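For reference, the structure is listed below as structure tokens.
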Amino acid sequence: MPGNPEAILQVREACRRMVRNRAAVSAGISALPVPGLDVMSDLTMLTGLVNDVNAAFGLSAEQVEHLQPTYKRIVFGAAAGVGGMMVGKLITRQLALRLLKRSGGKAFVRSAARFVPLAGQVASAAIGFTVFRKLGYDHVDACATVARELLAARAV
């Protein structure tokens, strides 16, 4: 876990770079006119991304399990307060699918747009990038907030 506020900022920026890179890959896959490929790749990449971000902040399921009970309550309480339902948990494909379904309207538009030659593929890629980046950034920000609260609690 990052040991000071500056380290949390550094981990946050590194994780945001990771999100952008994986969002770009997601966009590239979304542009391919293969039904279902984008959803399967997004599930796999989002699951890996969330687990990697959790680990970078010291908030993976295993890391949180080894915390003292007081700190565990702080982690889960802070995560609930910022809407970080994936902080401190092992993320499965089912949980990632629920998260992607929340942005279901965009996924439908993305799927439909893919079948319009060229312009539809570009639109599909842009929507895929935007949705993936938004989900990733939200999770990174939730982890950073939880890490700051946990650091403040340890300082007391």
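The values are calculated or read from the model by the stated rules, or taken from the named source; none is laboratory data. Everything numeric in this text was worked out from a predicted model, so none of it was measured. When we count neighbours, we look across all protein chains shown, and the Cβ atoms used for this are built from the backbone with ideal geometry, even at glycine.
Tabulated data
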item	result
Near pairs, Cβ below 6 angstrom, 6+ apart or cross-chain, from the range 129-156 (within 30 Å of residue 31 (Cβ to Cβ) and buried (at least 18 other Cβ atoms within 10 Å of the Cβ)) to any residue that is at pLDDT below 90 and of a type in the set (Lys, Arg)	131/106
Inter-residue pairs, beta-carbon under 7 Å, first touching a residue at least 12 places away in the same chain (Cβ under 8 Å) and in the range 51-77, second among the basic types (Lys, Arg), 6+ apart	61/89; 64/72
Failed condition for residue 27, given (1) assigned to a loop (DSSP other than H, G, I, E, B); (2) buried (at least 18 other Cβ atoms within 10 Å of the Cβ)	(1)
From 123, 144, residue being modelled with pLDDT of 60 or more, within 21 Å of the chain's Cα centre (by Cα) and of a type in the set (Gly, Ala, Ser)	144
Selected residue [touching a Ser or Thr at 6+ places or on another chain (Cβ under 8 Å), in contact (Cβ under 8 Å) with a residue 12 or more places away in the chain, aliphatic (A, V, I, L, M) and assigned to a helix (DSSP H, G or I)] from 45, 18	45
One residue from 110, 73 being over 16 Å from residue 141 (Cβ atoms), in a helix (DSSP H, G or I) and at pLDDT 60 or above	73
